[in-house]
1. Are any residues in region 30-60 within 20 Å of Gln100 (Cβ to Cβ), of a type outside the set (Asp, Glu) and either surrounded by fewer than 18 Cβ atoms within 10 Å (Cβ to Cβ) or at pLDDT below 95 (or both), and if so, which ones?
2. Taking strands (runs of 3 or more DSSP E) that fall entirely within region 103-210, which contain at least 2 residues that are touching a residue at least 40 places away in the same chain (Cβ under 8 Å), buried (at least 17 other Cβ atoms within 10 Å of the Cβ) and under 17 Å from the mean Cα position of the chain (by Cα)?
3. Does region 153-162 include one or more residues that are closer than 30 Å to Asn51 by Cβ and polar (S, T, N, Q)?
4. If you check Ser210 against the conditions, is it among the small types (Gly, Ala, Ser) and over 30 Å from Glu149 (Cα atoms)?
5. How many residues, within region 61-80, are closer than 10 Å to Tyr96 by Cα, open to solvent by less than 50 Å² (accessible area, probe 1.4 Å) and part of a loop (DSSP other than H, G, I, E, B)?
6. Tell me, which residue of region 214-244 that is assigned to a strand (DSSP E or B) and out of contact with any Leu (no Cβ under 8 Å at 6 or more places or on another chain) is farthest from Asp116 (Cα to Cα)?
7. How many residues are touching a helix residue (DSSP H, G or I) at 6+ places or on another chain (Cβ under 9 Å) and open to solvent by 10 Å² or more (accessible area, probe 1.4 Å) if we restrict to region 214-247?
8. Here is a check on your reading of the model: is Arg156 touching a helix residue (DSSP H, G or I) at 6+ places or on another chain (Cβ under 8 Å) and over 25 Å from Asn205 (Cβ atoms)?
Amino acid sequence: MLAVVSTASIETACVAQKKKDKKDGFVQIFDGKTLKGWDGDPTYWRVEDGNLVGEITPTTLLKTNSFIIWRGGEPGDFEFKGEFKITQAGNSGINYRSDQLTDVPFALRGYQADIDGQNRYTGQNYEERKRTTLAYRGQKTVIPAYTGEKTPEAIRANVKRNAWGDLTVVGSLGSSDSLKTLIKSEDWNTFHLVVKGNRLQHYINGVLMSDVTDEDTVNGKSKGLLGVQVHVGPPMKVQYRNLMLKQ
């Protein structure tokens, strides 16, 4: 009887949270049953037990990172929240304000809330296929206006040790190691992205992990595609659920 009451209580809490999210302007963008509204390679993406699952197996190793892309629009200012769970060898991320490449299948280029199974990078701001790291976990940064040549070669030359050369640290949110202890390994964690104007904030389990103010109007973007990633590397599995978007 106690188990029944406990389960009912959990279900009631979930329903209450969904009603609150709807009232607050959040809309569910993954139905937990189908990939309706999403576009990705079915070799790597499926729905399982109500979760959006990305998986690489020994027979489906990737040559380039692959995304499943939400086709409901190109959010500009928004909040996006949900939950993720990733295997220890996994590498994933949530891309936003991104472009889709035309020469590589299901590839996005743009801002990314980084996620990995060893939690070396989870929470940082990494710009996929562009300026690379814009803020490591624990950093509050400003990316100044770009004054260099606007060629891909010049932009790549400004990347130093996998971080943008003009990255300026203006504050601390805590050490990367201390923040890492707040992230659960191979278990469910919550994420919350708050993206308004040129300020990009990544929260994990309710804690601000990185905070970027991007003043680079040449390389930065004010809107674009949203998607989640499976990364080149060993076999892995990442799961997402309860994906809610507020624009």
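The values are calculated or read from the model by the stated rules, or taken from the named source; none is laboratory data. As the structure is a computational prediction, the values presented were derived from the model and not from experiment. Glycine also receives a Cβ, built like all others from the backbone with ideal geometry; neighbour counts cover every protein chain displayed. SASA here: full protein model, heavy atoms, side chains in, ligands and nucleic acids out. Shrake-Rupley method; radii C 1.70, N 1.55, O 1.52, S 1.80 Å.
1. Of everything in region 30-60, those that are within 20 Å of Gln100 (Cβ to Cβ), of a type outside the set (Asp, Glu) and either surrounded by fewer than 18 Cβ atoms within 10 Å (Cβ to Cβ) or at pLDDT below 95 (or both) turn out to be Leu35, Lys36, Gly37, Pro42, Thr43.
2. Output list reads 108-116, 125-128, 132-135, 189-196, 199-204.
3. No; the residues of region 153-162 include none that is closer than 30 Å to Asn51 by Cβ and polar (S, T, N, Q).
4. Taking the combined requirement at face value, the residue does not satisfy it.
5. So the count comes out to 2.
6. Met244
7. Qualifying residue count, region 214-247: 4.
8. Judged against the criteria, Arg156 is not a match.
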